[in-house]
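Student: Pasting a structure here, questions to come.
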Amino acid sequence: MKPALLLLALLTMAGCGDGSTPEDAERTPRVVKLIEVSGQTHLPSRRFVGRIEALRTVDLSFRVGGQLTELPATQGEVIPRGELIARLDPADYELAVRRAEAEYQLARREMERTRQLLENQSISRSAFDEIRTTYELAEVQRDSARQDLSYTTINAPFDALVTRRLIENHSNVQPNTAIVRVQDVTELRVRFNVPESLMHYVVEPQRFEVEGELLSLPGETFRLAYREHVTEPDEVAQTYEVDFAIVDHEAVGALPGMTVAVMVALTDAVEHGALMVPLAALDKDSEGNFRVWVYRDEERRVEPRGVVVGEVHGERVPVVAGLKQGERIVAAGAHLLQEGARVRPMEETL
């Protein structure tokens, strides 16, 4: 009799444990700690240090070798697109063009003569093909010689700021030897690194309010506009590199290499304020998006609601979208809740 009673007791306990039914959960509301969303707080901006970079930095070189005869590029000068930057002595290349041109003309006349002979069946087809091949090779050599001659000059590929002369005039240079370093300053970029918590918003630059300030001119801020970002984080710092353009760099007086203090703030938080909630109140849905559990007083139930959060500040996080002041949410243990579950608030006042 005693073993039978013991077995019955164990079965009763199992029915009250992990195998409880939804009806059991409905009859036994979960006790939760609630907090009222209140106290709008202006979200402070984050401050970063960046460096001004040109849109492009290029080392220009000749594709052929020779002696430099012209190097009008002056360091610090902007050379308009298409203007001369450097020139080699073209004499040898001009002679090569004349020689290739003469060989081409000779081969062309020979081919025309043999074509008539072929039409009269005075020569074989194979003999004509050989002469035609000689003509085609001469044409290639002529075009190559002309191209080499064109390589004796370097013109500005864009409005180029000459940052450094890497070799002096009248020097003998080898092919692909860097002559000058130039920068495309039609737009100046500010490059800096941000933590991964801010990368959620980089793809939506309209949600940013970004300003820069030259360290050499404190107090004078200027607007920055998002351009691009690197999707691979730094291996050590786990930060991402982002580029913002200076909207009016000529008015700012900025130059590549200058250091800039960058202030970044979320537009929503600046315009509407941010509602601070405990970090423990955040939960994630099946797709990895943030949410909180809102308490419905009339039904004494909770429902999930997606939210947009900002940068974490200690144990609290700003919610910039998804909540209203005065609403009550579950302050902790949100991951244990289910949609529509009945709950019972704790009696203590938070």
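The values are calculated or read from the model by the stated rules, or taken from the named source; none is laboratory data. Everything quoted here is computed from the prediction, not taken from an experiment. Using ideal geometry, Cβ is built from the backbone for each residue, glycine included, and neighbour counts are taken over all protein chains shown.
Student: Since TYR104 meets every condition but one in (1) without any contact (Cβ under 8 Å) to a residue 40 or more places away in the chain; (2) on the phi < 0 side of the Ramachandran plot; (3) surrounded by fewer than 18 Cβ atoms within 10 Å (Cβ to Cβ), which condition does it not meet?
Tutor: (3) is the only condition that TYR104 fails.
Student: Let me ask you something else. For the range 263-283, give me each residue that is of a type outside the set (A, V, I, L, M) and modelled with pLDDT of 80 or more. Spell out how you get there, then give the answer.
Tutor: Restricting attention to the range 263-283, the residues satisfying the condition of being of a type outside the set (A, V, I, L, M) are 267-268, 271-273, 278, 283.
ASP283 - this is the single residue of the range 263-283 that is of a type outside the set (A, V, I, L, M) and modelled with pLDDT of 80 or more.
Student: Could you please let me know if VAL194 is under 26 Å from VAL64 (Cα atoms), surrounded by 13 or more Cβ atoms within 10 Å (Cβ to Cβ) and either among the basic types (Lys, Arg) or touching a residue at least 12 places away in the same chain (Cβ under 8 Å) (or both)? Before you say what the answer is, go through the steps one by one.
Tutor: Working: under 26 Å from VAL64 (Cα atoms): no; surrounded by 13 or more Cβ atoms within 10 Å (Cβ to Cβ): yes; either among the basic types (Lys, Arg) or touching a residue at least 12 places away in the same chain (Cβ under 8 Å) (or both): yes.
No, not satisfied.
Student: Looking at the range 183-230, which of the residues that are over 12 Å from VAL262 (Cα atoms) and of a type in the set (S, T, N, Q) is modelled with the highest pLDDT?
Tutor: Ranking the qualifying residues of the range 183-230, first place goes to GLN183.
Student: Taking the residues in the range 30-60 that are in a loop (DSSP other than H, G, I, E, B) and either polar (S, T, N, Q) or modelled with pLDDT of 75 or more (or both) as candidates, determine which candidate is farthest from ASP184 (Cα to Cα). It would help to see each step written out before you state the result.
Tutor: Step one: list which residues in the range 30-60 are in a loop (DSSP other than H, G, I, E, B), which gives 33, 37-39, 42-45.
Keeping just the survivors that are either polar (S, T, N, Q) or modelled with pLDDT of 75 or more (or both) gives 33, 37-38, 45.
Details: LYS33: 59, VAL37: 50, SER38: 50, SER45: 31 Å.
That would be LYS33.
Student: Please verify whether SER144 is surrounded by fewer than 14 Cβ atoms within 10 Å (Cβ to Cβ) and free of Cβ contacts under 8 Å to residues at least 60 places away in the same chain, treating the condition exactly as stated. Step through it out loud before you land on a result.
Tutor: Values: surrounded by fewer than 14 Cβ atoms within 10 Å (Cβ to Cβ): yes; free of Cβ contacts under 8 Å to residues at least 60 places away in the same chain: yes.
Criteria met by SER144.
Student: For the range 301-324, state whether one or more residues are over 30 Å from GLU204 (Cα atoms), at pLDDT 75 or above and either over 34 Å from the mean Cα position of the chain (by Cα) or surrounded by fewer than 18 Cβ atoms within 10 Å (Cβ to Cβ) (or both).
Tutor: Residues of the range 301-324 that are over 30 Å from GLU204 (Cα atoms), as a first pass: 301-302.
With at pLDDT 75 or above added as a condition, the list becomes 301-302.
If we keep only those that are either over 34 Å from the mean Cα position of the chain (by Cα) or surrounded by fewer than 18 Cβ atoms within 10 Å (Cβ to Cβ) (or both) as well, we get 301-302.
Yes: one or more hits.
Student: Still on this structure, I have one more. Being surrounded by 13 or more Cβ atoms within 10 Å (Cβ to Cβ), closer than 30 Å to LEU55 by Cα and not hydroxyl-bearing (Ser, Thr, Tyr) is true for just one of MET263, MET276. Which residue is that?
Tutor: Numbers: MET276 fails: closer than 30 Å to LEU55 by Cα.
Selected residue: MET263, the only one of MET263, MET276 that is surrounded by 13 or more Cβ atoms within 10 Å (Cβ to Cβ), closer than 30 Å to LEU55 by Cα and not hydroxyl-bearing (Ser, Thr, Tyr).
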